[in-house]
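Inspection log for the structure reproduced underneath, given as structure tokens.
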Amino acid sequence: MFSIGQMALFSIISHLLFIYISWRIILAMNFEPIIKKGRTTEGRIFLLFLAIVIGTGVSQFLLDILRWSSDLIYLF
């Protein structure tokens, strides 16, 4: 279906897109009461890492589904 280079580019774009979407969703939530006063930088870094973990996980799931569905032709 895709060549190796195309799949790599598609994977990079997918990961970055879902990390961005996760970041926007996390910013829409109110995490201010959880973060200690004077620790906003650490709190933002934690939220960034959380967005990376969630976005990468969702992207990897969708890429796996795409890869598996393209491999179904070898079943029969």
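Filtered by the rule that a residue be surrounded by 12 or more Cβ atoms within 10 Å (Cβ to Cβ) and modelled with pLDDT under 85, segment 25-57 gives 31, 35. Annotation: of all residues in segment 1-30 being hydroxyl-bearing (Ser, Thr, Tyr) and assigned to a helix (DSSP H, G or I), the one that is nearest to residue 72 (Cα to Cα) is 11.
Can you find a residue in segment 33-49 that is among the polar types (S, T, N, Q) and farther than 24 Å from residue 11 by Cβ? Within segment 33-49 (the criterion being among the polar types (S, T, N, Q) and farther than 24 Å from residue 11 by Cβ), the answer is yes, since at least one residue qualifies. From the list 50, 62, the one residue that fits, being farther than 20 Å from residue 6 by Cβ and either among the aromatic types (Phe, Trp, Tyr) or touching a residue at least 12 places away in the same chain (Cβ under 8 Å) (or both), is 50.
Being on the phi < 0 side of the Ramachandran plot, of a type in the set (Gly, Ala, Ser) and at pLDDT below 90 is a property that residue 3 has. For segment 31-48, does any single residue satisfy the condition of being on the phi < 0 side of the Ramachandran plot, within 12 Å of the chain's Cα centre (by Cα) and not hydroxyl-bearing (Ser, Thr, Tyr)? Yes, segment 31-48 has at least one match. Criterion applied to 8, 51 was being over 12 Å from the mean Cα position of the chain (by Cα) and of a type in the set (Gly, Ala, Ser), and the one residue passing it is 8.
The values are calculated or read from the model by the stated rules, or taken from the named source; none is laboratory data. This one's a predicted model, so the numbers in the text were calculated from it and none came from an experiment. Cβ atoms come from the backbone with ideal geometry, glycine included; neighbour counts cover every protein chain shown.
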